[in-house]
Amino acid sequence: MTYTGAVRPGGPAATRDLDGLSITKISVGPMDNNAYVLRCHRTGDQLLVDAASDAPRLLGVIGAAGLSTVVTTHRHGDHWQALPEILRATGAVSFAHEADAAQIPEVDRELADGDTISCGRVALEVVHLRGHTPGSIALLYEDRAGTPHVFTGDSLFPGGVGKTAGRADFDLLFADVRAKLFDRLPDDTWIYPGHGRDTTLGAERPSLPEWFERGW
């Protein structure tokens with residue numbers, strides 16, 4: 001089945017196979033959060049992006065292969081409600097950005113912009129995107145056999161950047177998203193957000209002036 005990224009709470013997961021990595025996307029309630037299980041083809045190691053909620057469903061996707069790492073994209077509670085249970089069940093190591101870590105339970109290692117996280121033989125780059133929260137991050141996978149892939153949490157969605165508290169925070173987020181994603185990566189870069197459907201940088205790039213003008 002062709003991967004589209006269309007998932008819904010209670011519905012089936014969607015899996016995409018890349019050259020060195022598989023990505024399984026699942027939506028969990030009650031806030032329709034996306035969680036992503038990444039699996040290294042060469043080692044079988046798995047990494048979870050956002051233990052949002054519904055630990056039993058997430059553990060069902062993780063399966064018998066277990067879990068090495070959990071990365072929380074930011075401190076908002078809907079992105080880590082299942083984190084303590086997932087860590088207890090799997091023994092995984094918990095990562096989050098240093099600016100948000102104090103408000104996320106059970107963070108083992110703090111991250112900074114430009115750090116690298118390993119999922120088996122696959123490297124993911126930490127991209128710090130200020131504005132939605134002080135420590136929001138994206139994870140960039142530069143697939144040597146294809147296009148880049150970015151897990152953006154609540155910093156970038158189809159139709160705009162994430163919610164901010166005011167114009168100053170919006171300007172921070174817009175500047176970081178533009179400089180660190182749009183100015184750096186090609187149009188076919190695939191975006192996996194924290195809620196809703198996927199998109200690409202090329203689909204969103206023409207709307208950047210509109211986003212800046214409206215301020216959200």
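Within the range 161-181, the only residue that satisfies the criterion of being surrounded by fewer than 18 Cβ atoms within 10 Å (Cβ to Cβ) and touching a helix residue (DSSP H, G or I) at 6+ places or on another chain (Cβ under 8 Å) is Arg178.
Residues checked against (1) closer than 25 Å to Lys25 by Cα; (2) part of a helix (DSSP H, G or I); (3) touching a residue at least 40 places away in the same chain (Cβ under 8 Å):
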| position | (1), (2), (3) |
| --- | --- |
| Thr164 | no, no, yes |
| Val177 | yes, yes, yes |
| Lys180 | yes, yes, yes |
| Pro186 | yes, no, no |
| Gly202 | yes, yes, no |
| Pro206 | no, yes, no |
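Listed by position, the strands (runs of 3 or more DSSP E) contained in the range 1-99 that have at least 3 residues being modelled with pLDDT of 95 or more, of a type in the set (Ser, Thr, Tyr) and within 18 Å of the chain's Cα centre (by Cα) are 21-28. If you check Pro193 against the conditions, is it under 25 Å from Phe212 (Cα atoms) and either surrounded by fewer than 20 Cβ atoms within 10 Å (Cβ to Cβ) or at pLDDT below 95 (or both)? Criteria not met by Pro193. Has the range 93-109 got at least one residue that is of a type in the set (Asp, Glu), free of Cβ contacts under 8 Å to residues at least 24 places away in the same chain and in contact with a strand residue (DSSP E or B) (Cβ under 8 Å, 6 or more places away or on another chain)? Looking through the range 93-109, at least one residue is of a type in the set (Asp, Glu), free of Cβ contacts under 8 Å to residues at least 24 places away in the same chain and in contact with a strand residue (DSSP E or B) (Cβ under 8 Å, 6 or more places away or on another chain).
Pairs are defined by a Cβ separation below 8 Å, a sequence spacing of at least 6 or placement on different chains, a first member in the range 146-159 that is free of Cβ contacts under 8 Å to residues at least 40 places away in the same chain and over 15 Å from Arg178 (Cα atoms), and a second member that is surrounded by 24 or more Cβ atoms within 10 Å (Cβ to Cβ) and of a type in the set (S, T, N, Q); no pair meets this definition. Pick from the range 63-83 the residues that are over 18 Å from Gly194 (Cα atoms) and among the aliphatic types (A, V, I, L, M): which of them is surrounded by the most Cβ atoms within 10 Å (Cβ to Cβ)? That would be Leu67.
The values are calculated or read from the model by the stated rules, or taken from the named source; none is laboratory data. Given the structure is predicted, the values throughout are model-derived calculations rather than measurements. Methodologically, a virtual Cβ is constructed for each residue, glycine included, from the backbone with ideal geometry; neighbour enumeration extends over all protein chains shown.
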